[in-house]
Structures are given as C-alpha cells and as structure tokens.
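One structure below.
The values are calculated or read from the model by the stated rules, or taken from the named source; none is laboratory data. Computed from a prediction, not measured in an experiment: that's the story for all the values here. Neighbour counts are summed over all protein chains in view; Cβ atoms, including those assigned to glycine, are modelled from backbone coordinates with ideal geometry. Heads up: the accessible areas ignore ligands, DNA and RNA and are worked out on the full protein's heavy atoms, side chains in. Shrake-Rupley method; radii C 1.70, N 1.55, O 1.52, S 1.80 Å.
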Amino acid sequence: MNTTTTPMLEADEKFDCPGNYRTPTPSTLRCSKCNRPLAVKDAQRTPTGYVCPYYVKARVATFYTAGPKQYILAVLIAFVLGIGIGFVLQLVGRIGFFALILTIFIGPAAGGLVAEAIRRVNGKERGQYIWLFAAIAMGVGAAYFTVLPVLFALLAGSPGFIFALIPVAGLALAVTTLVARLRF
Ligand SMILES: [Zn+2]
C-alpha cells in the first residue's frame with residue numbers, strides 16, 4: 001500500500017489523535033496529524049492541513065482547562081456585579097434625555113468590567129462555556145432593576161415603558177460586550 005504524503009504534510013509535527021478515528025467511507029484524504037484516512041465530511045481545516053475530528057477535540061481539551069470552581073466563581077462575580085450594574089442602569093435611566101447617551105457608554109464598560117473581573121480571578125484557566133454562564137448570571141443579577149420595571153410598566157399600560165427600555169438596552173450592550181470579551 002502506498003502511503004506517501006505530500007512534502008507539506010511530512011513537514012508537520014506528528015500527533016497521534018486519540019479516539020482512533022475511522023472513516024465511514026473509503027477516502028484518499030488523510031488526517032495531517034495522525035495520517036488516518038479521513039472522510040471529506042469529517043475533515044476539519046486547519047492552517048497546516050486537514051485533520052480528523054479527534055485532533056480538534058484533543059486540542060480543545062488541552063485549551064479549556066477550567067473546572068467547576070472557575071465556573072462557579074464566574075457565575076458569582078457576574079451575578080453580584082450584575083446587581084450593581086442593573087442598579088446603576090436604572091438610576092441613569094431616570095435622568096431623562098442624556099440617559100440614552102450615558103447608557104451607550106455605561107453598558108459596554110459594565111460588560112468589560114465583569115469580563116475583566118472574571119479573567120483576573122480565573123487566571124489562566126479558560127472555560128469553553130464560561131461566557132454563556134457569566135452572561136446568564138449577569139442578566140439574572142441585573143433583571144430586577146432593568147427587566148422587571150419594563151414588565152410592570154407594560155402590565156400597567158404605562159407609556160413610560162419606552163423609557164424603561166433604556167436600562168434594558170444598556171444591559172443588552174453589557175451582555176454583548178461580556179460575551180465578546182470572554183469568548184474571543
Ligand atoms: Zn487525526
């Protein structure tokens with residue numbers, strides 16, 4: 001059997017992908033790391049060639065090292081800071097015309113603050129879904145001061161609900177920033 005590879009693949013660092021990937025259909029394509037035959041539909045493109053799904057999984061496992069402790073810390077930080085952020089957004093939302101302009105600055109800053117706090121506490125430990133847990137925790141923490149007033153205003157049929165939406169917009173900006181900072 002001819003198993004020659006291209007010079008580019010030979011130059012690659014060899015890696016025995018765990019999981020013993022087997023192609024469901026015969027294929028001439030090979031994983032550039034473990035050299036197992038690789039189905040086109042399973043091939044994952046990397047800068048050094050196509051690799052089997054197990055290579056990606058192995059790399060993800062070594063990249064994301066956070067355990068339950070890091071998740072719990074992230075949730076606690078995001079929840080507690082979220083309460084404060086909700087409170088500030090509600091206060092700012094009351095000042096009238098400039099509320100919207102201030103909120104556009106405060107929202108992303110608040111999300112960045114929470115992301116930075118989580119990074120400081122968790123250090124080098126990274127978690128694949130910490131961004132999701134933190135975003136939910138911050139949203140829940142801030143909901144009392146931001147989302148609930150809108151619901152009450154709506155239920156009461158008050159036209160003021162339009163203004164109550166400003167803190168919600170601030171929270172949305174904070175969540176967007178938090179996710180972007182933690183995820184990438
Ligand atoms: Zn492989």
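General remarks:
- Lysine pair count for the chain with Cα-Cα distance under 21 Å and sequence separation of 8 or more or different chains is 7.
- As a rough guide to protection, the peptides 27-36, 61-70 ranked by mean Cβ packing within 10 Å, highest first, stand as 27-36, 61-70.
- Each peptide in 127-134, 97-104, 152-159 gets a packing score, the mean of other Cβ atoms within 10 Å over its residues, and the list from highest to lowest is 127-134, 97-104, 152-159.
- Helical segments meeting 18 Å axial Cα length and Kyte-Doolittle 0.5 threshold in the chain (DSSP H): 68-93, 99-122, 130-155, 161-183
- Volume per residue that the Cα convex hull of the chain spans, once the total is divided by residue count, Å³: 163 Å³
- If you look at the Cα atoms of the stretch 17-121, you get an Rg and a Dmax of 23.3, 68 Å.
- The overall shape of the stretch 7-63, judged from the alpha-carbon gyration tensor, is oblate: a/c is not under 1.5, and a/b is no greater than b/c.
- Inter-part distance where the stretch 135-162 and the stretch 49-119 are each reduced to a Cα centre, Å: 20 Å
- Averaged over its residues, the chain has an accessible area of 62 Å² per residue, based on protein heavy atoms and a 1.4 Å probe.
- For the stretch 93-184, diffusion coefficient by Stokes-Einstein and Kirkwood Rh (Cα), 4 °C, 1.567 mPa s, µm²/s: 93 µm²/s
- Theoretical FRET efficiency, 1/(1+(r/R0)^6), r = Cβ-Cβ of residue 40 and residue 76, R0 45 Å, to 0.05: 0.50
- Of all accessible heavy-atom area on the stretch 7-63, the percent that carbon and sulfur account for (1.4 Å): 59 percent
- Of the accessible area of the stretch 87-127, computed with a 1.4 Å probe over protein heavy atoms only, carbon and sulfur atoms account for 70 percent.
- Close amide H partners of residue 38, meaning residues 5 or more places away or on another chain with modelled amide H under 5 Å apart, are 29, 30, 31.
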